[in-house]
Amino acid sequence: MSRTIAQPIAEHDGAPLARREADWLEVTLNRPSQHNRIDPADIDALLALLTPLRTDPGATRGLLITGSGERSFSSGYTLQAIETRLDDRLEQLFDTLETLPFVTVAALNGSITGGATDLALCCDIRIGVPGIRMYVPAARLGIHYYSGGLRRYVTRLGLSATSRLMLAGMTIDDAEMLRIGFLSEIVARSALDERIAALRATIGQTEPGAVADMKRHLLALAAGGSSDERFALEQSMAAAYRASLRTPALQQRLAALLGRPTATSTAAGTESAPDPQGEARRKR
């Protein structure tokens, strides 16, 4: 089966590319000769693409973000635009990406710097290839990193690693990126597509409603909050757990595992042949 061809998501030069295959959406940053830097126009285009999915994901089960070429995932926001065109839209984009109600994956095809590191941290899973490096130049430029980015750094990587990267402006390699949790895993460049395909297949087996609720609660747990907020969160998680036990999706999946007819097939008058193995499993 031929792959869907990726298309620009906007008309400006270097606009990110997007490709959808059924429940899987892929976005590719598309300025390889300029280290896939992110321009202000890219932010608007990505917001237009992702914002509707935040409240209405439709059939979308997973999102992959990667970069063009092999040198860089992204060098972050365009330096020339920092003085005049850097506003809260960048943080709005990253907050939107972070809270999408399905699994998001960053495939780091190359090194990563600046605000692009936060883009990757917004994703649930980050896969890298050998030989990549990361660096955050904010302190050297004299920029106080924005609040959402600092929050993600501290909650994902911890205060010690964040201090090294943010305050000392250290450059770290792939092994250290993996050690501190910036990378979820490292795979050979030649095996990257295969690993992503396997991950996509695994994600496709999950129940979207359970994923969305658990992701929302995981983010809330990481954010912390007051005692009242934590109590409300505990109540919300407990309610979501109880509700998940009553969903038709759970009943159908359990029926498949236990080898018994589903409520749908029974209602339709479908009779299933006896399943000795399923009966033996139930007796155990």
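The listed peptides 224-233, 69-78, 149-158, ordered by packing as a protection proxy, come out as 69-78, 149-158, 224-233 (highest mean of other Cβ atoms within 10 Å first).
Going by the alpha-carbon gyration tensor, a ≥ b ≥ c the square roots of its eigenvalues, is region 1-71 rounded (a/c under 1.5) or, if a/c is not under 1.5, prolate (a/b greater than b/c) versus oblate?
oblate
Quick one, which of [x] 79, 50, 39; [y] 69, 53, 35; [z] 51, 41, 40 is the actual Cα extents along the principal axes in Å calculated for this model? Given [x] 79, 50, 39; [y] 69, 53, 35; [z] 51, 41, 40, the calculated one carries the label [y]. Gap in Å between the Cα centre of region 167-193 and the Cα centre of region 17-35? If we compute the Cα centre of each part, the gap is 21 Å. For Ile172, what residues show an amide H to amide H distance below 5 Å, using hydrogens built from the backbone and excluding near sequence neighbours? Result for Ile172 returns Met134.
Placing a pseudo-label 7 Å from each Cα along the Cα-to-Cβ vector at Arg54 and Ala238 gives an inter-label distance of 3.1 nm. Counting only protein heavy atoms and a probe of 1.4 Å, the accessible surface of the chain is 56% carbon and sulfur.
The values are calculated or read from the model by the stated rules, or taken from the named source; none is laboratory data. As the structure is a prediction and not an experimental result, all values here were calculated from the model. Quick reminder, even Gly has a Cβ in these numbers, built from the backbone with ideal geometry, and neighbours come from all protein chains shown. Areas reflect the complete protein model, heavy atoms only, side chains present, ligands, DNA and RNA absent. Shrake-Rupley method; radii C 1.70, N 1.55, O 1.52, S 1.80 Å.
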